[in-house]
1. Can you tell me which residue is modelled with the lowest pLDDT among those in the range A:107-132 that are assigned to a loop (DSSP other than H, G, I, E, B) and on the phi < 0 side of the Ramachandran plot?
2. Tell me yes or no: at least one residue of the range A:413-423 is over 22 Å from the mean Cα position of the chain (by Cα), part of a strand (DSSP E or B) and away from every other protein chain (no Cβ under 13 Å).
3. What are the residues in the range B:14-29 that are at pLDDT 90 or above and either in a strand (DSSP E or B) or more than 8 Å from chain A (Cβ to nearest Cβ) (or both), if any?
4. Within the range A:364-408, how many residues turn out to be assigned to a loop (DSSP other than H, G, I, E, B) and crowded, with 17+ Cβ neighbours inside 10 Å?
5. Any residue at all in the range A:504-517 that's part of a strand (DSSP E or B) and away from chain B (no Cβ under 14 Å)?
6. Assigned to a strand (DSSP E or B), under 30 Å from residue B:99 (Cα atoms) and either free of Cβ contacts under 8 Å to residues at least 24 places away in the same chain or touching a helix residue (DSSP H, G or I) at 6+ places or on another chain (Cβ under 6 Å) (or both): which single residue out of B:136, B:167 fits that description?
7. Specify which of the listed residues (A:501, A:472) is over 30 Å from residue A:272 (Cβ atoms), within 14 Å of another protein chain (Cβ to nearest Cβ), in a strand (DSSP E or B) and touching a strand residue (DSSP E or B) at 6+ places or on another chain (Cβ under 8 Å).
């Protein structure tokens, strides 16, 4: 958009605001929503290489200021319209250079006849972890507050809410109640567009789905879920059509026994993946079963869950297996380094502060993953070729002063990779949050967090070339102290360590295994940070932070590096 | 309701089925396992008579999938047959020798040596096989020159320098004893010589071929000389589409193939009749008959030996002009 257009818009916006504010005097038909953020960063890299790096600029400074301005309009009691624009200015730009002007979100929703809800445009959608779900399996440990600020920015930028993907299309919901039978029927349906046609080899690709559920006496809930990604015939010259269909049925039964609430449930279903008119493409079909039993007391102080998982090797559900983190993305600074200008290995800090590495839509290809970060369930519960049990427990202690949770997964492959011998996977997660201020009856907040995740992948075999063992550990510790009213001192440390070998699968375009690649690691990455946050309100803060990230790889010691980064973040939402 | 909540998941689970496969992807044993011979290299015959359609079946078994090759070499002819594969076993499915040749000349009645080599393995494994009857080409034989030049053929030979358009029997023989040598220098034209093979020379008005052009193959052995004068061999297949018992250029189809002889040694050339086009001055051109490939209408095959137009000299040899059905000739 040209500078002239921006000028006109900047004039137009206040006029619109004034006009609608006058209208709003009679009824609350207009709201302004949005946020503003400014980030300043100054980083410096140090590389441990035998050849001095005279190519990479050691220091990197930059930043931006942006504003999201959303207009929430309710033209009548049954309709709501939201449009949000973003003005982003990279520091260093002037007279319009470096300024971008985008539409960030646009949606319309309403109710028809007080019965049917609908939404058009940008929609947050989810179904179940096996049909359509935005899992977050690349974040296994709870991050200290000093790093959470950046994670919150990533979530805001990518529209991440628990389990949902931001899609564009249409959705409709309605429900029916029968008082006599104490039952309730709900219907949810959606149709979104994943890819536009290029009129050549890529047809229009859509994603449609529905969930129909029936709840009886608040005790039994049964649902049918359908998620289908498909190409629309005759929207391109090519007649090759992608199709991925997942159908599941879920059941959940709640019962109170004495002072305990017992829940027994599960979901099972089938997937079909094929590419019509592509003679080389297979037709992959498989199924999954997930069953669990959960116990919690009426006061909900603790919860215990035991589950069983069996997901077939050919189970494909791209809407549930898409990952947030795109490991093929390029980091936003120092993406090449050393005298040879090699690609800088990604650091866990890159995953914290770079929203450009996160997808905002689902992928219809299997995305790559880092086995050190998550080799047990890299695609969430819908990870194919896994079976076994898990146990989850969580508890609050001393009136929620201490909160703890533990998870243990013991899984194995359903079918071996290149051998009948199966890989065994184990994952142990533990989190602890201690509100020390409450313990000591201080008025100010003292909060300590500890989190850890240990993963082990192992394949035993009498044949040496089939033996694998990969161990990885992620851990974090953080402290958040309210030193003065609305001023917090924060510090934290997070590490990722891994050692051993694994054999990764090389897959063709149809997701079939065609080869194996040896993966060996002896790696340690960590990030230590400290900062000060000034809270102006619950939704506005200014933070000053310094963090030091280190990458140590014993297999490639000349690629070791460390980056120090100073940041100032101002963030406001309204 | 109590029953439903337990039966429904079980029904769902029971309704699903999974393909029973031992593992996904290629075998790690094949990719990374150690090599050893599980069963030795064998042949089912020590002596074979290919003229009676006998075959030799080789066998072996390895501890892993390997890229392997069996090279059979004639003790007298130096003919070579190469069979290759990628498998864990060598069996009748992938290693049958029916007397055919990969590197000409063709095999004779002679002792042969078969050598099995495996990629990445230093050792090789050897067997002896004797041939007491050679393979007999199957199909409509226009000529193998064993009886010389047929008087019923039409021949034209230029009177240039070093002209040699004769049937010979010497160390160059590729199949049987004789072949046709074609060489000379013609500075004023680029046709060195030609032979017309009329159907009448074979006792009928058209050649006894099938009517489906995709099933008819024309084959010949051509020798490329080690000289820079790239010879061209032009074959013309002349049909009688209007049933006049003769080829009429203005009313019948003619399909052509010009072969530039840019290799050294003997080579088996096979042409699928349906792939042929009509050429005019070396370029594809419209035909004048029914514009359809009708192999059963062929009344004459012409073979022209041409020199490179810029040089005027050419030298090549030819043998075994044979039509086969449904597949190229195997020699």
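1. Selected residue: A:115.
2. no
3. Matches in the range B:14-29: B:23, B:24.
4. 17
5. Looking for residues that are part of a strand (DSSP E or B) and away from chain B (no Cβ under 14 Å), one finds none in the range A:504-517, hence no.
6. None of the others qualify; the one that does is B:167.
7. Result: A:501 is the single residue among A:501, A:472 that is over 30 Å from residue A:272 (Cβ atoms), within 14 Å of another protein chain (Cβ to nearest Cβ), in a strand (DSSP E or B) and touching a strand residue (DSSP E or B) at 6+ places or on another chain (Cβ under 8 Å).
Okay, residues lined up against (1) at positive phi; (2) surrounded by 15 or more Cβ atoms within 10 Å (Cβ to Cβ):
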{"position": "B:134", "(1), (2)": "no, yes"}
{"position": "B:139", "(1), (2)": "yes, yes"}
{"position": "B:151", "(1), (2)": "no, no"}
{"position": "B:160", "(1), (2)": "no, yes"}
{"position": "B:165", "(1), (2)": "no, yes"}
{"position": "B:169", "(1), (2)": "no, no"}
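The values are calculated or read from the model by the stated rules, or taken from the named source; none is laboratory data. Note that the structure is predicted; figures quoted are calculated from it, not measured. Counting neighbours? That spans all protein chains shown, and the Cβs are built from the backbone with ideal geometry, glycine included.
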